[in-house]
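Each remark here refers to the structure printed beneath this line.
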Amino acid sequence: MSQMFQIEFDNVPEERIVGIDLGTTNSLVAHMTLGSPRVLEGHDGKIVPSVVSLGDNGGFIIGNAARQELIDHPERSIYSVKRLMGRGVDDVQEELKLFPFRIAEGSESVIQVMLGDRKMTPPEISALILRQLKLNAEEALGGPVTRAVITVPAYFNDAQRQATRDAGRIAGLEVLRLVNEPTAAALAYGLDKRKEGIVAVYDMGGGTFDISILKLHDGIFEVLATNGDTHLGGDDIDNLLIRIALEDVQSEWGEDISHVGEAVQTLRQAVIRAKEELSFVPVTSIEFAWHGKSYKRELTRELFENLIRGIVDRTLGPCRDCMKDAGVTPEQIDEVVLVGGSTRIPLVRSAVEVLFRAKPHTELNPDEVVALGAAVQAGILAGTVENQLLLDVTPLSLGIETYGGVVTKIIHRNSTIPASASETFTTAVDGQSNVLIHVLQGERELVKDNRSLARFDLKGIAPMPAGFARIEVRFLIDANGILNVMARDARTGNEQSVEVKPSYGLTDEQVEAMIEASIDHAEEDLNARQAAEARVDADTILIALERAKKNAAYGELSEEERQAISAAVIQLQAVYNSTDHLLIREKVEALNQATMSLAEAQMNTAVRSALKGTHIDAER
Amino acid sequence: MESNCWNCGASAPERFCADCKALQPPPADYFVFFGLPAQLSLDGKELEKQFYALSRQLHPDIFARKSQREREYSLEATAVLNDGFRVLRDPIQRAMYVLKKQGLDIGEQGTRDVPPELLEEVFDLNMALEEMKFGDEEARTQILGARERFEGMCKEIDGELKKLFAAWDAGHDAEVLTEIRGLLNRRKYITNLIKQTETA
């Protein structure tokens, strides 16, 4: 059997590119199978909660199992790590008030989070989630998975995109493309079938909000404009409800539990349950028990809607701006697609309906649609999906710092990517050998109001009088929305060396080191899997032996033979739980040898019985 | 494209080599890239059609399984395609691009000096903007009036430009180009004024 599978898989290696939705709350992996995308299932379902916990033995617990750890060991568990991706400590001060992230000392350029006593960067933590998805995919597809398309919020900036790509690399995945989540959703809906039209995708997930407006043109999905808020999502609703419940608890119990990690996590799960129920029933309650005390509060949908209206309304501004940038009116929008778990909330649906004057599409599961779209994009890259093409845009303008702390925009937001701009730089002082270019992302006029991406140091400029050097710098945003910078000396045509100093994020060397470290882990993981597979083989032979003992042939064996079999069984059982798969396999093989004559005898018995015309069960 | 195919060495390859079908490095000039005459008047529909057709041929998605070198050319070519489409689809950006190619770049200085005929308008607008800051509601009406006038001026300029574009296309007369540059400078100045009124 295995031989046959082998051949089959060897024929289709190109197709084994998976699509991954690396979400704030949940993550999924999908694959294009026989012309349609499907979500791949792991041992405990399709959804891998984006939760990571450090176990007692120093190993990591990921996904569903880690959710319980979040309550039992909050100090060494983490959720919503996506909120920290590509960010600096200054960026996340607001999150720190609401999320139990423990930021390590010395986290200036890259945040480091404490998991127990271990320091980790957000890309490393995300890589653990990705590795789990990779394993699930490998199991479901029956072979190694090394290439992926990963989705990101459309409104993610360069640093956040780079951090996501780094996470992929650390997880042992070649990230062939980063795709914007709303665009992926549009692909999943296969809205191209309508040939021409304008579509709005409203994507409200756990931590981020995106709105994209696309023009469909005979299989081309052209994004006209995108907008959003990378700090807005279902988490905000949860935090609001938690805050209210904590206040109630304080007044009812006379106790402030807001700093007790376990209590807050238990409460978080209680409010999430209530929030989710209110999408289907008009009234529910938040119920919470802690150390013998209990709290219960009735929550009607009406009250809930009044509470969250402010959060929902915050999505409408970006929607209007997006329509303006796309140059369309609500009347021109033919279809609206809803993505993300938060769009199950009736108030969100009605707000979208009112704004766009169209009934939104909800046929596909909003939790799965992004992963499905990522799988379609993977199919496009693999060449298995034809005649479909995504033309996406950059969500934020790219600029360079000029005199007086002012930003000069060189690539405007909503430009179709890949997009580029060239600028020529020169020296200001005689003999100057370096020129430093500060690149920013954002829409504001002043440097301090924009997001610093990196400083590019043009080094080794030949000594010349001021103003003589002519260094031509090309800024290119690739199809992933990530900036690439190339420089050349316009006078000589020679390539000019550029040193990149990212403002936030990991350097290439740091990523390499993390990949190295993860390969060590990968070996552990591989060993564990091989041992598990060897145990499966051991089970097979042990079960077969038990069954054979009831066969007449067993009675025909000599005492010696029977003793040899028993000894082999004991030896196999002794190494059964070993982590050394070779050792297990060796004992399986020994038992195999010891039972050889039994197998022959059984065959003979079977043949004799058959000749007699008696029916016996053939051993499988 | 006078060089040989980088892959098989065949002479004078087009966008793709006729012999080995390898993608060639893209030309930098937008008109050449789109295969259009370097004209100031352009059929927008035709340009868009070309944009979609070329996207299907050149996009990095289509080259995902090709060699490193072809992937790079695909990225380069698609960047030129997208940049070029952005510039050529917009009459003003298109004209500025042609001016630059002809060595008549619109410098930043051009927009800083107030065109003499606008001096009074600009003075009044600045006064009104100042008054607005102190909550003068009358100033707001004044600003809105000014914006309407500026928008009218822009429209007028656009009409004149259209005629001049046709004139340049017909004879490539350098004087026409200088005239276009003057109008573009004036237009840029006025659009900046409109932007100022929008902050009010």
Open item on the list: Rounding to the nearest 10 and keeping the result within 0 to 90°, find how far the Cα-based axis of helix A:301-313 lies from the longest principal axis of chain A.
Closed with: 50
- [ ] Go ahead and run the numbers for FRET between A:E516 and A:V354, Cβ-Cβ distance against an R0 of 41 Å, rounding to 0.05.
- [x] 0.15
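Where does each of B:C20, B:C5, B:C154 land when they are ranked from fewest to most other beta-carbon atoms within 10 angstrom?
Least to most surrounded, the residues fall as B:C20, B:C154, B:C5.
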Task: Residue order, fewest to most beta carbons within 10 Å, for A:S27, A:S433 - done: A:S433, A:S27
TODO: Could you run the Debye sum over the Cα atoms of region A:248-317, one equal point scatterer each and no solvent, and tell me log10 of I(q)/I(0) at q = 0.11, 0.23 Å⁻¹, two decimals?
DONE: -0.32, -1.05
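How large is the Rg to Rh ratio of region B:36-144 when both quantities use alpha carbon positions and Rh follows Kirkwood?
Result: Rg/Rh = 1.24.
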Open item on the list: Between A:L542 and A:K119, how high is the FRET efficiency from 1/(1 + (r/R0)^6) when r is the Cβ-Cβ distance and R₀ = 35 Å? Nearest 0.05.
Closed with: 0.20
Task: Interchain or long-range residues, amide H under 5 Å from A:F468's placed H - done: A:T427
TODO: Rounded to whole Hz and in sequence order, give me ³J(HN,Hα) for region B:130-146 from the Karplus expression 6.51 cos²θ - 1.76 cosθ + 1.60, θ = phi - 60°, writing x for Gly and Pro.
DONE: 4, 5, 4, 4, 9, x, 7, 6, 5, 4, 4, 4, 4, 5, 4, x, 4
Open item on the list: Using a Gaussian network model on chain B with a 10 Å cutoff between Cα atoms, which of B:F63, B:F123, B:F150 fluctuates the most?
Closed with: B:F123
TODO: Run the quick spin-label model on B:L36 and A:T362: label points 7 Å from Cα toward the beta carbon, then report their separation in nm to one decimal.
DONE: 4.5
Open item on the list: Normalised by the empirical 2.2 N^0.38 Å for globular proteins, what value does the Cα Rg of region A:398-504 take?
Closed with: 1.07
Open item on the list: Taking θ = phi - 60°, what integer Hz values does the Karplus form 6.51 cos²θ - 1.76 cosθ + 1.60 yield along region A:124-137, in sequence order, with x for Gly and Pro?
Closed with: 5, 5, 4, 5, 5, 5, 4, 5, 4, 5, 4, 4, 4, 5
Open item on the list: I'd like the distance between the alpha-carbon centres of region B:1-64 and region A:465-494, rounded to an integer number of Å.
Closed with: 23
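Mind scanning A:K409/B:K155; A:K97/A:K119; B:K100/B:K162; A:K46/A:K97 and naming the pairs with a C-alpha gap bigger than 24 Å?
In this structure, A:K409/B:K155; A:K46/A:K97 lie more than 24 Å apart at Cα.
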Open item on the list: What does the structure give for B:60-67 when I average, per residue, the other chain Cβ atoms found within 10 Å of the residue Cβ?
Closed with: 5
TODO: Identify the residues of region B:45-87 with backbone N under 20 Å of a label point that sits 7 angstrom from the Cα of B:D19 along the Cα-to-Cβ direction, or state none.
DONE: B:67, B:69-70
TODO: Return the aspartates and glutamates within reach of A:K359: Cα separation strictly under 17 angstrom, same-chain partners fewer than 8 residues apart disregarded; answer none if there are no such residues.
DONE: A:D203, A:E331, A:D334, A:E335
TODO: Fewest Cβ neighbours within 10 Å first, please rank A:K587, B:K49, B:K66 accordingly.
DONE: B:K49, B:K66, A:K587
Task: For A:V511, net neighbour charge (Lys/Arg +1, Asp/Glu -1) across residues whose Cβ lies under 11 Å away - done: -4
Task: Table column - 3J(HN,Hα) (Hz), region A:59-70, Karplus curve with 6.51, -1.76, 1.60, x for Gly and Pro - done: x, 9, 10, 10, x, 3, 4, 6, 5, 5, 4, 4
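Which number comes out as Rg/Rh for the protein assembly as shown once both Rg and the Kirkwood Rh are worked out on C-alpha atoms?
1.05
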Open item on the list: Amide H of A:R87 versus every other amide H placed in the peptide plane: which residues, excluding those fewer than 5 positions away on the same chain, fall under 5 Å?
Closed with: A:I111
- [ ] Take every residue in peptide A:411-418, count the Cβ atoms of other chains within 10 Å of its Cβ, and give the average of those counts.
- [x] 4
Task: Under 17 Å from the Cα of B:K49 - aspartates and glutamates, other chains or at least 8 residues apart - done: A:E196, A:D218, A:E222, B:D83, B:D90
Task: Computed FRET value (nearest 0.05) for B:I92 with A:E196, which takes r as the C-beta separation and R₀ as 22 Å - done: 0.20
Task: Descending principal axes extents, chain B, alpha-carbon based, whole Å - done: 71, 40, 29
Task: Principal-axis tilt of helix A:2-11 within chain A, Cα atoms, nearest 10 degrees - done: 20
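Once every DSSP H run of n ≥ 4 in the protein assembly as shown is given -39500 (n - 2.57) and the sum is divided by its residues, what mean residue ellipticity at 222 nm do you get, rounded to the nearest 500 deg cm²/dmol?
Working: 25 runs with 376 residues, N = 820.
Helices in the protein assembly as shown give a 222 nm mean residue ellipticity of -15000 deg cm²/dmol.
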Open item on the list: Going by amide H atoms built from the backbone, whose H comes under 5 Å of the H on A:Q432, apart from near neighbours?
Closed with: A:M464
TODO: Go through chain B and flag any cysteine with no other cysteine's C-beta closer than 4.7 Å, please.
DONE: B:C154
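No value in this document is a laboratory result; all are computed from the given coordinates. Just so you know, these numbers come straight off a predicted model, no measurement behind them. Note: ideal-geometry Cβ built from the backbone for every residue, glycine included; neighbour counts use all protein chains shown.
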